[in-house]
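A short worksheet on the structure shown next.
The values are calculated or read from the model by the stated rules, or taken from the named source; none is laboratory data. Small disclaimer: the values here were computed from a predicted structure and weren't measured. Methodologically, a virtual Cβ is constructed for each residue, glycine included, from the backbone with ideal geometry; neighbour enumeration extends over all protein chains shown.
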Amino acid sequence: MSKISKVLVIGSGPIIIGQAAEFDYAGTQACKSLREEGITTVLVNSNPATIMTDEGIADIVYIEPLTADVIARIIKQERPDGLLPTLGGQTGLNLAVELADAGILDKYGVNLLGTPLETIKKAEERSLFKQLILDIGEPVPKSATVHSIKEAKELAESIGLPLIVRPSYTLGGTGGGIAHTMEELEYTVASGLSSSLSHEVLVEKCLLGWKEIEYEVMRDAADNCITVCNMENIDPMGVHTGDSIVVAPSQTLTDKEYQMLRSAS
Amino acid sequence: MGKRALLTLEDGSIYEGYSFGAKDTTYGEVVFNTSMSGYQEMLTDPSYAGQILVLTYPLIGNYGVNDSYFESKQVQVRGLVVREHCPVPSHWQSTGSLSEFLQTNGVPGISGVDSRALTRRLRSTGVMMGIMTSEMTPEETLQELKGLPRYDSTDFVKQVAIDKKYQWGLTSDDAALLHHIVIVDMGLKYNIARILTQLGCLVTVVPCTMAVEDILNLKPDGIVLSPGPGDPALLDYITKTVRKLAQRKPVMGICLGHQMIGTAFGARTFKLKFGHRGGNHPVRDLASGRVYITTQNHGYAVDADNLKGGLEVSQINLNDGTVEGLRHRELPVISIQYHSEGSPGPQDNVYLFDRFLKIVKERSTIV
């Protein structure tokens, strides 16, 4: 990769579940670091009420809607040689996938910086993620990706209710939900299919009432990794992440459980 | 709230709190550990013999205690200092609270102490002797501290090590087992034997006072020198054993075992100001450049300046540059200052047991 001299950063947009205020913080720090390295920093963000859009954080700021069309136009205008999409939360990641798939990045010779496209897809697309987890030998709840209400009902008959419905490409879970009955399943799958970018939803065994544990791991291309922390949601599974309090570190795991999950992460 | 209690340090500082666990007065070297989980494993780790353990994590005991998390047969610390202990644990395997556990084991605890302020003092002054009591006045504790036996001059290995050899888990006639590993017990943590057994080894644990010929008569394929408490400079009788074993068999040393390999090859050891105790110590492997996150629990280290006899430094601590691993240029001898068995702490370094068993295997096919 040749030396990068100009980078487009996708900002965090409105503060919602899946892209909360921490992305403004992360994006601001990224802009500062890039400028420290002498790189011209172009920022696009639809939300002007953020720190990152303040004067002096980025070199050039676009307050524009965060859509693939708009970003393509900015790329055409600014001709950055790098795109940093990993600091804008869900929207940024989705846009990177869209821009890459549409051939915009190749057309203008823009390098995707940070997390590779493959990895974004693996994290975002539920079926790819599930396969990855199975490949490394970790258990997953019984589930299947379905494209219609009929497929979802067939699945419910084989693995039983309650089921949880998750549309692809929404980390925060917009359009998903829990189905305790066949009627609820029908409704939730219909809503999920319509809000999914790829018109597919993952239907899986519902883990209502389980403990919810998260790990933050940073890993580089040379496979050096550190576990920054783990977290435990005070509410059990079933209470939405956006409505719940999470504490770091976990409070009710023994060291054996903590380390087992850490090793898996 | 329990009864008012005191922790008095050698430098005259006094911390007030509340008694929990057993009600006795206790004394020992006051050390701190920064791990966030694994208090039961720490409490039962023989390397804490003679010490009062301070936990920097502010809330201890949430998941209770259970029968399978012992690292030795009993609680080994002399006393436990916490900011807050949880009297009502929540965990499906829990069989009781931390306070009940300490009480059953006759070990006192003190809560309500700002254990991080205490840790900062230990970091700036260095570890020192302390006394914990709910029975004495501050003046009495200060007086009492003057007459107590010093941590550095006590051979704690003698107190915690076994005096009769035993077989770990399986019986010796199991022919399917890969290797016979003899662990020289100076204060063994059970997880070392558990991992070796899982890796297909027959494990025999022997006293560290056993004669070299008697150890060799057990026909081991490899020897593991266990961790243990106290000042390695007091353990000449083990150094002599290790020196001879290292010439005859593949040897892996862990923690105190690592220090004994150092002294067996003529190195000296020194006391660290406040030790390394926690679950996130970064260690760099000098050959690969890779950094590993390790569990540590030691108050002494091998001096890198006077290594001889073919021994060289293989790994260093990234916090203070001290020696974390040794290897011998010709002999099949490796050692680590940290705990590849974790428990508590990361399981990232279990690969070292595989590496040792590979050395054992290569060696046994040559002979």
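In segment A:20-85, counting only strands (runs of 3 or more DSSP E) that sit wholly within it, the ones holding 3 or more residues that are of a type outside the set (A, V, I, L, M) span A:40-45.
The single condition among (1) in a loop (DSSP other than H, G, I, E, B); (2) more than 30 Å from A:Ile4 (Cα to Cα) that A:Ser194 does not meet is (1).
The residue list B:Arg194, B:Arg268 contains one member that is under 19 Å from B:Glu71 (Cα atoms) and surrounded by fewer than 21 Cβ atoms within 10 Å (Cβ to Cβ), which is B:Arg194.
So which helices (runs of 4 or more DSSP H) stay within segment B:110-211 end to end and still have 2 or more residues that are touching a helix residue (DSSP H, G or I) at 6+ places or on another chain (Cβ under 7 Å)?
Here the list reads B:190-198.
So is B:Ser19 in a loop (DSSP other than H, G, I, E, B) and either more than 16 Å from the chain's Cα centre (by Cα) or surrounded by fewer than 24 Cβ atoms within 10 Å (Cβ to Cβ) (or both) or not? So B:Ser19 fails the test. Quick one: how many residues across segment B:71-87 are within 14 Å of another protein chain (Cβ to nearest Cβ) and either outside any loop (DSSP other than H, G, I, E, B) or at pLDDT below 95 (or both)? Number of matching residues: 2. Residues in segment A:80-106 that are over 17 Å from the mean Cα position of the chain (by Cα) and either surrounded by 17 or more Cβ atoms within 10 Å (Cβ to Cβ) or at pLDDT 95 or above (or both): A:Pro80, A:Asp81, A:Gly82, A:Ile104, A:Leu105. Filtering segment B:292-311 to residues that are among the polar types (S, T, N, Q) and more than 13 Å from chain A (Cβ to nearest Cβ) leaves B:Gln296, B:Asn297, B:Asn306.
Screening A:Thr174 on (1) β-branched (Val, Ile, Thr); (2) at pLDDT 85 or above; (3) not in a helix (DSSP H, G or I) shows it passes everything except condition (2). Residue count for segment A:217-265 under the criterion of being away from every other protein chain (no Cβ under 12 Å), farther than 20 Å from A:Val140 by Cβ and of a type in the set (Ser, Thr, Tyr): the result is 1. Elements of the type strands (runs of 3 or more DSSP E) sitting completely within segment A:198-265 and holding at least 2 residues that are touching a residue at least 60 places away in the same chain (Cβ under 8 Å) and not charged (D, E, K, R): these cover A:201-205.
Looking only at residues of segment B:46-57 that are within 15 Å of B:His85 (Cβ to Cβ) and in a loop (DSSP other than H, G, I, E, B), we find that the one that is farthest from the other protein chains (Cβ to nearest Cβ) is B:Thr56.
State all residues of segment B:79-88 that are buried (at least 22 other Cβ atoms within 10 Å of the Cβ) and not hydrophobic (A, V, I, L, M, F, W, C); if no residue qualifies, say none. Answer for segment B:79-88, where residues must be buried (at least 22 other Cβ atoms within 10 Å of the Cβ) and not hydrophobic (A, V, I, L, M, F, W, C): B:Gly79, B:His85. Within segment A:177-191, the residues that satisfy the criterion of being in a helix (DSSP H, G or I) and either closer than 21 Å to A:Ile17 by Cα or in contact with a Lys or Arg (Cβ under 9 Å, 6 or more places away or on another chain) (or both) are A:Met182, A:Leu185, A:Glu186, A:Thr188, A:Val189, A:Ser191. Residues considered: B:Asn66, B:Asn33. Of these, the only one that is more than 16 Å from the chain's Cα centre (by Cα), within 14 Å of another protein chain (Cβ to nearest Cβ) and of a type outside the set (Val, Ile, Thr) is B:Asn66. Considering (1) surrounded by fewer than 16 Cβ atoms within 10 Å (Cβ to Cβ); (2) more than 14 Å from every other protein chain (Cβ to nearest Cβ); (3) out of contact with any helix residue (DSSP H, G or I) (no Cβ under 9 Å at 6 or more places or on another chain), the lone condition that B:Gly289 does not fulfil carries the number (2).
For segment A:187-197, the criterion of a residue being of a type in the set (A, V, I, L, M), more than 9 Å from chain B (Cβ to nearest Cβ), touching a residue at least 60 places away in the same chain (Cβ under 8 Å) and within 26 Å of A:Asn94 (Cα to Cα) is satisfied by at least one position. Of everything listed in (1) within 14 Å of chain B (Cβ to nearest Cβ); (2) over 30 Å from A:Asp101 (Cβ atoms), the single unmet condition for A:Gly160 is (1). Within segment B:125-172, the residues that satisfy the criterion of being among the hydroxyl-bearing types (Ser, Thr, Tyr), surrounded by fewer than 16 Cβ atoms within 10 Å (Cβ to Cβ) and within 21 Å of the chain's Cα centre (by Cα) are B:Ser153, B:Tyr166. The residues on offer are A:Glu55, A:Glu37, A:Glu22, A:Glu64, and the sole one that is surrounded by fewer than 16 Cβ atoms within 10 Å (Cβ to Cβ) and touching a Lys or Arg at 6+ places or on another chain (Cβ under 9 Å) is A:Glu64.
Scanning segment B:312-367 for residues that are within 14 Å of chain A (Cβ to nearest Cβ), touching a residue at least 12 places away in the same chain (Cβ under 8 Å), assigned to a loop (DSSP other than H, G, I, E, B) and in contact with a helix residue (DSSP H, G or I) (Cβ under 9 Å, 6 or more places away or on another chain) turns up B:Ser340, B:Glu341, B:Gly342, B:Ser343, B:Pro344, B:Gly345, B:Pro346, B:Asp348, B:Val350. Is one or more of the residues making up segment A:148-162 within 30 Å of A:Gly88 (Cβ to Cβ), surrounded by fewer than 18 Cβ atoms within 10 Å (Cβ to Cβ) and modelled with pLDDT of 80 or more? Within segment A:148-162 (the criterion being within 30 Å of A:Gly88 (Cβ to Cβ), surrounded by fewer than 18 Cβ atoms within 10 Å (Cβ to Cβ) and modelled with pLDDT of 80 or more), the answer is no, since none of the residues qualifies. Do you know which residues across segment B:199-209 are more than 21 Å from the chain's Cα centre (by Cα) and of a type in the set (A, V, I, L, M)? The answer is B:Leu199, B:Leu202.
In segment B:36-45, the residue that is farthest from the other protein chains (Cβ to nearest Cβ) out of those that are within 14 Å of the chain's Cα centre (by Cα) and closer than 14 Å to B:Tyr57 by Cβ is B:Leu43.
Looking only at segment B:246-300, residues that are in a strand (DSSP E or B) and within 30 Å of B:Lys219 (Cβ to Cβ) come to 4 in all. The single residue among A:Gln90, A:Gln77 that is closer than 22 Å to A:Ser196 by Cβ and not basic (Lys, Arg) turns out to be A:Gln90.
May I ask you to list the residues in segment B:288-315 that are touching a Ser or Thr at 6+ places or on another chain (Cβ under 7 Å) and not acidic (Asp, Glu)?
Across segment B:288-315, the qualifying residues are B:Asn297, B:Tyr300, B:Ala301, B:Val302.
Look at (1) within 29 Å of A:Glu157 (Cβ to Cβ); (2) modelled with pLDDT of 90 or more and you find that A:Ile213 fails only one, number (1).
Could you say which residue among A:Ala221, A:Ala248 is at pLDDT below 85 and of a type in the set (A, V, I, L, M)? That would be A:Ala221, the only listed residue that is at pLDDT below 85 and of a type in the set (A, V, I, L, M).
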